[in-house]
1. Each residue of the range 93-106 in order: what ³J(HN,Hα) in whole Hz does its phi give by Karplus 6.51 cos²θ - 1.76 cosθ + 1.60, θ = phi - 60°, with x for Gly and Pro?
2. Between Ile37 and Ser55, what is the label-to-label distance in nm when each label sits 7 Å out along the Cα-to-Cβ direction?
3. Given H placed on each backbone N at 1.01 Å, which residues far from Val9 in sequence or on other chains put an amide H within less than 5 Å of it?
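Derivation of every value follows stated rules applied to the coordinates shown; laboratory data play no part. Note that the coordinates shown come from a computational prediction; the quantities given were computed from them, not determined experimentally. Virtual Cβ from ideal backbone geometry, glycine too; neighbours counted across all protein chains shown.
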Amino acid sequence: MSTVEDWLVGAVDVHSPADGGARAALVLAADPTFAPIVGERVAWLDTVAPYQPGSFYTRELPAIRAVLAGAPPLRLLVVDGYCDLDPAGRPGLGRHVHEMLGLPVIGVAKTSFHTAHHAV
């Protein structure tokens, strides 16, 4: 079993129920292939900002900050969202997380965003 010092990478996602609040989940792995998962954390926020297209981070970032609080240092984080919202580099959730943490962030968005035609 890996120790906390071995935890190098994480993946985080946030769920916002229709009745309010947000739950963030973080999985931790000692390898960038995420095999095996060596830890997990969950955080709940009672209130979050409403969803605003192009400002997704205002709702998600507080929950991500909460679930990462007290987590071991990471070398890489995967987020559910874009790093750049357009080819000119308009910051998305991933960029805001990178600026907050100072670590590499990979954005994996499940939903297309109208100006993100640069993304694969």
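1. 3, x, 5, 5, 5, 4, 5, 5, 9, x, 10, x, 10, 10
2. Taking the two extended label points, one gets 3.3 nm.
3. Ala29, Asp31, Arg75
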